[in-house]
Amino acid sequence: MLLTIAGIVAKRSTCERAQVGAVIARDHRIISIGYGGAPSGMKHCFEVGCEQGPDGGCIRTVHAEANAVAFAARSGIKVEGSTIYITHSPCLDCAKLIINSGITRVVYNRLYRERRGIALLSESKTSVEQLFPLTITSEVYSLDEYEV
């Protein structure tokens, strides 16, 4: 369920390259969410275009995992001992952030284009699991009737 919610959160992503969402939960309760987008107050990719870095990724966007951890920090919410559910496996920098924030479990759906983040998490003894959530179909639930 929480990975499916991360997929819904990803619909808020403002980067045109990838729609990524993250949900941080402790004791099966959501404590923070994040999605890919420009830093607060800055123009988004859909407004001015993506800014490509040397590895081909967009460097304008703050990743969903980083936004979820930053929101929790700004709100005084402790993430230590929690689980992060992400639509894509974390990049290397997000893996470092996850480790240092004290998140102890990572659940993701799709592999990111580079896998160094997964390797680092495994090396750090952070629990990592790839999960395939149930697909929300229009017959069961329609997102079109709700503003996401």
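The values are calculated or read from the model by the stated rules, or taken from the named source; none is laboratory data. Everything quoted here is computed from the prediction, not taken from an experiment. Cβ: placed from backbone, ideal geometry, glycine included. Neighbour counts: every protein chain shown. Only protein heavy atoms, including side chains, enter the accessible area calculation; ligands, DNA and RNA are left aside. Shrake-Rupley method; radii C 1.70, N 1.55, O 1.52, S 1.80 Å.
Summary of computed values
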item	result
Residue count, region 81-104 (criterion: open to solvent by 20 Å² or more (accessible area, probe 1.4 Å) and either hydrophobic (A, V, I, L, M, F, W, C) or without any contact (Cβ under 8 Å) to a residue 12 or more places away in the chain (or both))	4
Hey, VAL23 touching a Leu at 6+ places or on another chain (Cβ under 9 Å) and open to solvent by less than 20 Å² (accessible area, probe 1.4 Å) or not	yes
Residue list for region 26-46, restricted to those being open to solvent by 20 Å² or more (accessible area, probe 1.4 Å) and either more than 27 Å from THR104 (Cα to Cα) or assigned to a helix (DSSP H, G or I) (or both)	SER40, GLY41, MET42, LYS43, HIS44, PHE46
Count of residues meeting criterion [farther than 19 Å from GLY34 by Cα and hydroxyl-bearing (Ser, Thr, Tyr)] in region 88-135	5
Output for region 28-65, where each listed residue is within 15 Å of TYR112 (Cβ to Cβ), under 19 Å from the mean Cα position of the chain (by Cα) and charged (D, E, K, R)	GLU65
Given (1) of a type in the set (D, E, K, R); (2) in contact (Cβ under 8 Å) with a residue 40 or more places away in the chain; (3) surrounded by fewer than 17 Cβ atoms within 10 Å (Cβ to Cβ); (4) farther than 16 Å from ILE86 by Cβ, number of the condition GLU51 does not satisfy	(2)
